[in-house]
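This report concerns only the one structure given below.
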Amino acid sequence: MRKLSSFSLACLLLGVVIFFLHRYGGLITITWQDYQLEATAGMLFFLLIVSLLAIKLCTNLLHFLFNWRKYHQKRHRNKIPEEIMSIFLALERGLPKIALEKAKLVQKYSPIQGLGEYFEAMALIALNDDEQAKMIFKVMTTYKKVEYLGWQGLARLSLKNDRPAQALAYTEKALQYFPHSPWALKTVHEQAQALGDYTKAEQALEQLKRLGYLEKTYLDEKKGALLTNWAKSLEGQHAYKEALSRARKAYRLHPGVEEGKILAELHIKLNHRWRAQFLIKRLWKLFPSEDLLKLYLQTITSKTALETYEAIQKLTSKNQDHEVSLIALAEAAHKAHLWGATEEYINQLARVTKDSVKVHSLEEKLSKNNPFK
């Protein structure tokens with residue numbers, strides 16, 4: 001409203017002047033040396049336009065001269081995202097000195113206090129100047145809006161120096177300022193699990209799930225590994241029922257070999273022989289191994305070597321052409337004094353495997369008690 005009133009008043013004054021000059025044209029004459037200029041309405045309008053342009057140019061020039069530093073800083077601030085990407089690339093490629101130079105530019109022109117210091121400290125870590133980096137991170141924890149970066153930097157430094165308990169404490173402090181940080185939650189999950197605090201590790205994983213940070217397949221794999229380690233820990237404490245509960249959940253989420261092996265072990269310890277056998281046969285179909293064979297032998301109650309051989313035949317029928325299956329069958333047949341079957345399994349192993357040393361060593365091992373050799 002104020003601008004509209006000023007514009008209306010200016011138009012009114014200009015109209016009065018133009019009307020006066022149009023009626024009394026030539027009444028006012030401007031003389032300078034040999035030049036003479038009569039103040040007509042057209043001439044006055046031309047001079048007015050020229051004067052306004054001159055005033056505008058002078059104003060812009062003076063504004064630029066008095067604010068050139070602000071223009072300079074603004075130009076560099078617009079380049080800060082590009083500089084940050086250059087720092088990340090330099091650190092990834094093992095060029096910490098270049099990252100340090102870029103970080104100092106960010107520190108000089110960034111409107112956020114502490115942003116440049118963070119990248120400077122990260123470059124110092126890459127240059128193995130941990131003490132200087134630690135000092136910068138500690139100072140950053142006192143800055144507003146970047147406290148999270150300070151605590152996160154201290155956590156990264158602790159991880160580098162192999163101090164998981166300290167890294168976990170710093171990461172939890174960082175979460176107070178940025179509760180939904182994927183990096184911090186992932187670090188809490190990993191370090192808490194390494195320190196045996198499986199409850200805290202599970203909570204961090206659940207928060208990552210709510211954030212949608214991890215894909216379901218990857219999340220199930222992580223949860224399965226966590227519950228498997230938890231079950232192993234409880235097994236070491238002889239809490240077999242609780243361990244079995246964790247192992248079952250782990251196998252449901254991620255039915256892998258490691259999850260299945262710990263579940264089979266617990267079934268054996270709790271005298272669930274048939275469940276253990278069923279599970280081991282299923283795992284044998286996926287990936288036969290000597291560990292699974294040892295577990296399976298604990299579940300059978302055969303009294304003779306021939307009964308053991310027949311039981312192993314049932315197990316290996318799920319994946320009979322695998323190297324481990326053929327070796328297990330050859331050894332079981334040898335113990336049962338089935339020399340022809342032993343020879344046949346060794347020949348099948350020679351056709352399947354590319355490792356001739358393995359076949360030769362097995363032949364030498366089994367030929368000692370073979371009367372036909």
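Nothing in this text is a laboratory measurement; each read-out follows from the coordinates by a stated rule. Just so it is clear, the structure is predicted and the values come from calculations on it, not from any experiment. Backbone-built Cβ (ideal geometry, glycine too); neighbour counts: all protein chains shown.
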With only alpha-carbon pairs counted, each pair once and no self-pairs, how large is the Kirkwood hydrodynamic radius of the range 302-373 in angstroms? 12.2 Å
P(r) histogram, all alpha-carbon pairs of the range 131-199 included - 10 Å bins from 0, percent: 24, 54, 21, 2
Give a residue-ordered list of calculated ³J(HN,Hα) values for the range 301-308 (Karplus: 6.51 cos²θ - 1.76 cosθ + 1.60, θ = phi - 60°; whole Hz; x for Gly, Pro). 10, 6, 9, 10, 5, 5, 5, 5
For L234, what charge total do you get from the other residues with a beta carbon under 14 Å from its beta carbon, if Lys and Arg give +1 and Asp and Glu give -1? +1
Of the chymotrypsin sites (Phe, Trp or Tyr not before Pro) in the range 103-152, those whose Cβ has at most 15 other Cβ within 10 Å and which sit in DSSP loop: none
So how do 351-361, 273-283 stack up, highest first, on mean other-Cβ count within 10 Å? 273-283, 351-361
Rg and Dmax of the range 161-220, Cα atoms, in Å? 11.1, 32
If the convex hull is drawn through the Cα atoms of the range 159-312, its volume per residue in Å³: 128 Å³
